[in-house]
1. Can you work out ³J(HN,Hα) from phi for every residue in region 103-115, in order, using Karplus 6.51 cos²θ - 1.76 cosθ + 1.60 and θ = phi - 60°, giving whole Hz and x for Gly and Pro?
2. Please give the length that would be gained between GLU132 and TRP235 if that part of the chain were fully extended, namely 0.36 nm times their separation in residues minus their C-alpha to C-alpha distance (nm, one decimal).
3. List the pairs from LYS57/LYS170; LYS80/LYS128; LYS7/LYS128; LYS57/LYS84; LYS16/LYS176 whose alpha-carbon separation is above 24 Å, in the order I gave them.
4. Share of region 80-212's accessible area from carbon and sulfur, percent, 1.4 Å?
5. With everything on Cα atoms, drop me the angle between helix 17-28 and the longest principal axis of the chain, reported from 0 to 90° to the nearest 10.
6. Top mean-square fluctuation among LEU146, LEU168, LEU236, Gaussian network model of the chain, C-alpha springs under 10 Å?
7. Please calculate how many Å² of accessible area region 98-248 carries per residue, with a 1.4 Å probe and no DNA, RNA or ligand atoms counted.
8. Averaged per residue, what accessible area in Å² does region 1-77 show with a 1.4 Å probe, protein chains only?
Amino acid sequence: MAKLTGKVAVVTGASKGIGAAIAKALAAEGAQVVVNYASSRAGADAVVEAISAKGGKAIAVQGDVSKAEQAQGLVDAAVKEFGKLDVLVNNSGVYEFAPIDEVTEEQYRRIFDINVLGVLLTTQAAVKHLGEGGSVINISSVVTSLGLPATAVYTGTKGAVEGINSVLAKELGPRKIRVNAILPGMIETEGTHSAGVIGSDLEQSIAAQTPLGRIGQPDDIADVAVFLASDDARWLTGERLVASGGYR
């Protein structure tokens, strides 16, 4: 039997990159998956089609996680379609880098609303349905320990996510709901390609500083998410799993 047979999962920001890989990996292990997207319906549909082609079950649901009604809608869609909810993966996130003298209020509010408020609102909606054995997985970033210049806002959001992760692990522990975070290093995604990172000196520099000698792939993170969603991780909560090939 697959590790997640009978479980239902919501993955936010799952139309591409890490989120898409997580949705596919959860489905491959037997979970029924809600593939959330903010704007890319085509991307989400492609993920659903890939899951269905391998015999899995998934639906695409649009929603802005920074809006309470839409965050609730994602959870409602899971319960309506599949009857329950067992796993929430808070993956939705945006990034934009700027030195401190160029940071704007609009930039701050947009990034914090999606990266931080989105985690709170979606988790708030999910805990109404998560029961014993439920798992919340928050996607943070290794940037929280790097102190990279020009990342004050983005790093701040991920630091907040890790703080929330620790609090909710203790708050939800008595209800037997586990809360853990994954901290990816640099991952090859559509985003890092469009930003010009892949193939750049920065990619080569980070790969050279990574003990395992390369940057990550979405599947490297997806497999960690499967572990945290499964009963194999039944004794883990409040953890921060750094998945960066040793890059710190």
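1. Running phi through 6.51 cos²θ - 1.76 cosθ + 1.60 with θ = phi - 60° gives 5, 10, 4, 4, 4, 4, 5, 5, 6, 5, 4, 6, 6 Hz.
2. Details: separation 103, 0.36 × 103 = 37.08 nm, distance 1.27 nm.
Going from the current span to full extension adds 35.8 nm.
3. Violating the 24 Å limit, Cα to Cα: LYS57/LYS170; LYS16/LYS176.
4. 55
5. Helix 17-28 and the main axis of the chain meet at about 30 degrees.
6. Of the options given, LEU146 has the highest mean-square fluctuation.
7. On a per-residue basis, region 98-248 sits at 49 Å².
8. Accessible surface, normalised per residue, equals 41 Å².
The values are calculated or read from the model by the stated rules, or taken from the named source; none is laboratory data. Values in this document were obtained by computation on a predicted structure and should not be read as measured data. Surface accessibility is based on the protein's heavy atoms, side chains included, excluding ligands, DNA and RNA. Shrake-Rupley method; radii C 1.70, N 1.55, O 1.52, S 1.80 Å.
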